[in-house]
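Note sheet for the following structure.
The values are calculated or read from the model by the stated rules, or taken from the named source; none is laboratory data. Remember, predicted model here, so these are calculated numbers, not experimental data. Here the Cβ positions follow ideal geometry from the backbone for every residue, glycine too, while neighbour counts run over all protein chains shown. Just the protein is used for accessible areas: all its heavy atoms, side chains included, with ligands, DNA and RNA removed. Shrake-Rupley method; radii C 1.70, N 1.55, O 1.52, S 1.80 Å.
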Amino acid sequence: MAEPLDALAADRSLLRELMAIDTTSGQSCSPALDIVGNLLEGAGCEVWRLPGAGRDRDNLIAIAGPVDEPGGLSLSGHIDTVPVGDGWSSDPHMLSERDGRWYGRGSCDMTGFVALATNLLCEAGELDRPLALILTSDEELGSIGASVLAEHRQQLPPLPQACVVGEPTSLRVVRLHKGHLKFTVTVKGAAGHTGTPRSGVNAIDGMCLVLGAIEEQRLRLEQMRSGESSAFDQVPFPVLTPVRVRAGAAWNVIPGEAVVDCGLRVLPDQDAAMLLDEVRGSIDSALGHWPSEWSLEIDNDNPPMCTPRDSEIDVPCRSLVDQQQDIGVSYCSDGGHLGRLGLDCVLFGPGDIAVAHQSDEYVPIADMEMARQHMKRLVQARCGGRHE
């Protein structure tokens, strides 16, 4: 059954309103959260604004129905988007419709789902069990908002354990994703004049040893498999990648410091700390005779998501789309931190991750329509009650 046109029109209208606000990660998301919060409060939901990553970068939780009843359903999304960038065919902050798609920054990742989920709570009517909405800030910077929620769990209302994170999955159900641990290695040397090489210690020489050790570890990790590797068709192993190297200040100065930023993406059933210790040990061995100090610092640890296959959210979601196989993805979401809060999460949302973060980002209208049908069925099954 197709969704009523007025329901889709309501989702489109709210998406247009939210998209008009610049919610790029790292800056204020308060105007967008004000819109969502006012709508939900007006519909009779209980709403909490909670600290996020910084000033004007809050998180929001809303609950329709009885807050303290067991069971129910949580819907989760992030309010922030990546920077607009260049190459757009239309205004990225103005929703445009063509070829059966809604275009604009955040349409796919993931303001479209946020609009849909907000409207579902507004439409909820009388429920027997709670329907929660969890909106986070700064997900695109490493799920920082969700990590703050996890750190301040005592401040949170009770949340239904079964949770749909509406990331764009082309409406396939994803119960697994890798973690992403970001770390920085700094090698110290001693500055000097390049005309007299022995006046200093070139930190780049030490960094070459570090990069060699990282490459050895990268190749070793490519041979590693875990119990969940079969769900990751394209990259069934943990990934270690140096992504940025910085050293030197001038042509005539021996670099006194060199820095490399790295990312370690671990499989859901692996221990990121243990693998990082092995990387640290390899670097320490490579720098065994280095005359100066070095350090390794963690910048952000976005944990993997590993929801059991027989969980109360995975089974009904896969049933909705007649999906038998397990699907794992190599990108992260808030699902890892929400898992640390005790929620069982799956990624399940409209749009294709391949067009996220791109110019001319879009979500197919058919995906939005189908997502609405799927979410309504989940709400009816998990929350009961009478729906408007």
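Strands (runs of 3 or more DSSP E) wholly in the range 232-327 with at least 2 residues that are among the basic types (Lys, Arg) and within 19 Å of residue 215 (Cα to Cα) - which ones? Step through it out loud before you land on a result.
Details: elements: 239-247, 257-265, 294-302.
Filter on the range 232-327 gives 239-247.
Condition first: in contact (Cβ under 8 Å) with a residue 60 or more places away in the chain and either open to solvent by less than 60 Å² (accessible area, probe 1.4 Å) or closer than 21 Å to residue 331 by Cα (or both). Can you find one or more residues in the range 240-252 that meet it?
No, the conditions are met nowhere in the range 240-252.
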Flagged in the range 366-383 as under 23 Å from the mean Cα position of the chain (by Cα) and not acidic (Asp, Glu), in numbering order, are 368, 370, 371, 372, 374, 375, 378
Based on this model, can you work out whether residue 107 counts as hydroxyl-bearing (Ser, Thr, Tyr), open to solvent by 20 Å² or more (accessible area, probe 1.4 Å) and farther than 24 Å from residue 314 by Cα? no
Could you please give the count of residues in the range 52-81 that are in a loop (DSSP other than H, G, I, E, B) and under 30 Å from residue 381 (Cβ atoms)? 9
Residue among 379, 363 that alone is among the aliphatic types (A, V, I, L, M), over 19 Å from residue 177 (Cβ atoms) and assigned to a strand (DSSP E or B): 363
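Which one is surrounded by the most Cβ atoms within 10 Å (Cβ to Cβ), of the residues in the range 93-103 that are under 20 Å from residue 25 (Cα atoms) and in contact with a helix residue (DSSP H, G or I) (Cβ under 8 Å, 6 or more places away or on another chain)?
Once the filter is applied, the top-ranked residue is 95.
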Looking at the range 117-141, which of its residues are on the phi > 0 side of the Ramachandran plot and open to solvent by 10 Å² or more (accessible area, probe 1.4 Å)? 125
Show the residue pairs that are 6+ apart or on different chains and have beta-carbon atoms under 8 Å apart, the first residue being within the range 340-364 and closer than 30 Å to residue 157 by Cα and in contact (Cβ under 8 Å) with a residue 60 or more places away in the chain, the second being surrounded by fewer than 17 Cβ atoms within 10 Å (Cβ to Cβ) and aliphatic (A, V, I, L, M). 341/156
Flagged in the range 28-51 as under 19 Å from residue 125 (Cβ atoms), open to solvent by less than 40 Å² (accessible area, probe 1.4 Å) and part of a strand (DSSP E or B), in numbering order, are 47
Residues of the range 302-316 being in contact with a helix residue (DSSP H, G or I) (Cβ under 7 Å, 6 or more places away or on another chain) and over 14 Å from residue 231 (Cβ atoms), which ones? 302, 303, 316
More than 28 Å from residue 101 (Cα to Cα) and either open to solvent by less than 40 Å² (accessible area, probe 1.4 Å) or in a loop (DSSP other than H, G, I, E, B) (or both): does that describe residue 339? yes
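For the range 272-297, how many residues meet the condition of being free of Cβ contacts under 8 Å to residues at least 40 places away in the same chain and either open to solvent by less than 80 Å² (accessible area, probe 1.4 Å) or of a type in the set (Lys, Arg) (or both)?
4
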Counting only residues in the range 52-65 that are open to solvent by 20 Å² or more (accessible area, probe 1.4 Å) and in contact with a Lys or Arg (Cβ under 7 Å, 6 or more places away or on another chain), the one farthest from residue 137 (Cα to Cα) is identified as 65
Test residue 336 against the stated conditions and say whether it is in contact with a Phe, Trp or Tyr (Cβ under 7 Å, 6 or more places away or on another chain) and at pLDDT 95 or above. no
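Table: residues versus (1) surrounded by fewer than 16 Cβ atoms within 10 Å (Cβ to Cβ); (2) touching a helix residue (DSSP H, G or I) at 6+ places or on another chain (Cβ under 9 Å); (3) touching a residue at least 12 places away in the same chain (Cβ under 8 Å); (4) part of a helix (DSSP H, G or I).
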site: 169; (1), (2), (3), (4): no, yes, yes, no
site: 184; (1), (2), (3), (4): yes, no, yes, no
site: 210; (1), (2), (3), (4): no, yes, yes, yes
site: 215; (1), (2), (3), (4): yes, no, no, yes
site: 227; (1), (2), (3), (4): yes, no, yes, no
Output for the range 11-27, where each listed residue is in a helix (DSSP H, G or I) and open to solvent by less than 40 Å² (accessible area, probe 1.4 Å): 11, 14, 15, 18, 19
Options 164, 114, 84; residue that is open to solvent by 30 Å² or more (accessible area, probe 1.4 Å), under 30 Å from residue 359 (Cα atoms) and either among the β-branched types (Val, Ile, Thr) or in a helix (DSSP H, G or I) (or both): 84
